[in-house]
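Structure first, commentary second.
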Amino acid sequence: MQTLDEMLQASCWARRMSVDELACVKNDITLQTVPAGGYVCMKGEAVEHWLGVVDGLVKMASNWSTGKTTSFLGLSNGSWFGEGSLMKDEPRRYDVIALRESRIAYMKRSRFQHLLDHSIAFNRFLLIQLNERLGQFIGILEHERLLDTDARLARCLASMFNPLLYPGSSLALRISQEEIGLLVGISRQRVNQALQKLEQAGLLSADYGTLTILDLNRLRSFGA
């Protein structure tokens, strides 16, 4: 299980801080354990924290009062998110839900703002982060419109190994077929069929609760 210290060491903006600066950052971070199915944050609430997944797996989603729901993306160990909502100073526009029990870092708005005002390394990180997220969402839109289910699942898995968005992640991902289904928006049975196809193609190895990526480049381009 990853610790907050390990997560910060994997974050490029935190590695450039002095010991005293990092201590101030840690003082303004609280850790919470969110159970599977629980809300990390909710659509419509005031945005008071920058958020990070210390250990676990969550999904960014939108749940409408009509009962319709859609999942945008999965966020795993080492990912920080919510900076856009903080900088726009508006109510949160999405839900983040834990797919399994997850430990979440909540950084105070005041500390985020201090870093934004005083740290060049932090601003450079945010530029890279926002650019990567933009590319990620454009890719999701393209995949939804142009790819079949097997290819969409492959691209969804590949997106979780972006070294800039998920620093320190290995090619082994602890994730269940049910969790993949929630991210892609398909049934667990359909996930099983797609994983068998990807495994037969030599792109990954599927064991109980764990996927090991064997060829990340081919997984990223599967179905092209």
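Below 8 Å between Cα atoms, with a sequence gap of 6+, how large is the relative contact order for the chain in percent?
About 21 percent, as a whole number.
At what distance in nm do the modelled label points of residue 171 and residue 210 sit from each other, each positioned 7 Å from its Cα along Cα→Cβ?
1.5 nm
Could you grab the relative contact order for segment 1-128? Cα pairs under 8 Å, six or more apart, rounded to a whole percent.
Numbers: 237 pairs, mean separation 45.7, N = 128.
Dividing the mean separation by the residue count of segment 1-128 yields 36 percent.
Which residue, 39, 166, 208, tops the fluctuation ranking in a GNM of the chain built on C-alpha contacts under 10 Å?
It is 208.
At residue 134 and residue 197, where each label point lies 7 Å from the Cα along Cα→Cβ, what is the point-to-point distance in nanometres?
Going from the residue 134 label point to the residue 197 one covers 3.3 nm.
Output ³J(HN,Hα) for segment 137-149: one whole-Hz value per residue in order, computed from phi by the Karplus curve 6.51 cos²θ - 1.76 cosθ + 1.60 with θ = phi - 60°, and x for Gly and Pro.
Running phi through 6.51 cos²θ - 1.76 cosθ + 1.60 with θ = phi - 60° gives 6, 4, x, 4, 4, 4, 5, 4, 8, 10, 9, 7, 4 Hz.
According to the Cα gyration tensor, what semi-axes, each the square root of 5 times an eigenvalue, does the equivalent ellipsoid of segment 111-222 have, listed from largest to smallest in whole Å?
Listed largest to smallest, the semi-axes of segment 111-222 are 30, 15, 13 Å.
How big is the Cα convex hull of the chain in projection, averaged over all directions, in nm²?
Taking the Cα atoms of the chain, their convex hull projects to 12.2 nm² on average.
Between segment 1-75 and segment 128-148, how far is it from one alpha carbon centroid to the other, in angstrom?
21 Å
Show the residues, 5+ positions off or on another chain, whose built amide H is closer than 5 Å to the amide H of residue 57.
Distant-sequence amide H within range of residue 57: 99, 100.
Write down, largest first, the equivalent ellipsoid semi-axes of segment 33-132 in whole Å, where each equals the square root of 5 times an eigenvalue of the alpha-carbon gyration tensor.
Semi-axis lengths for segment 33-132 are 23, 15, 12 Å.
Can you compute the label reach from residue 114? Point 7 Å from Cα along the Cβ direction, backbone N cut-off under 18 Å, restricted to segment 14-46.
14-31
Could the peptides 115-128, 41-54, 95-108 be put in order, highest first, of the mean number of other beta-carbon atoms found within 10 Å of their residues? Could you put the intermediate results ahead of the total?
Working: 115-128: 15.0, 41-54: 18.4, 95-108: 20.3.
In decreasing order of mean packing, 115-128, 41-54, 95-108 become 95-108, 41-54, 115-128.
Calculate what fraction, in whole %, of the accessible area of the chain sits on carbon and sulfur atoms when a 1.4 Å probe is rolled over the protein chains. All intermediate terms of the calculation are to be shown ahead of the outcome.
Working: 5990 of 11470 Å².
About 52 percent, which is the carbon plus sulfur part of the accessible surface.
The values are calculated or read from the model by the stated rules, or taken from the named source; none is laboratory data. Everything numeric in this text was worked out from a predicted model, so none of it was measured. Glycine gets a Cβ as well: all are built from the backbone with ideal geometry, and neighbour counts include every protein chain shown. Just so you know, the surface numbers come from the protein's heavy atoms only, side chains and all, with ligands and any DNA or RNA stripped out. Shrake-Rupley method; radii C 1.70, N 1.55, O 1.52, S 1.80 Å.
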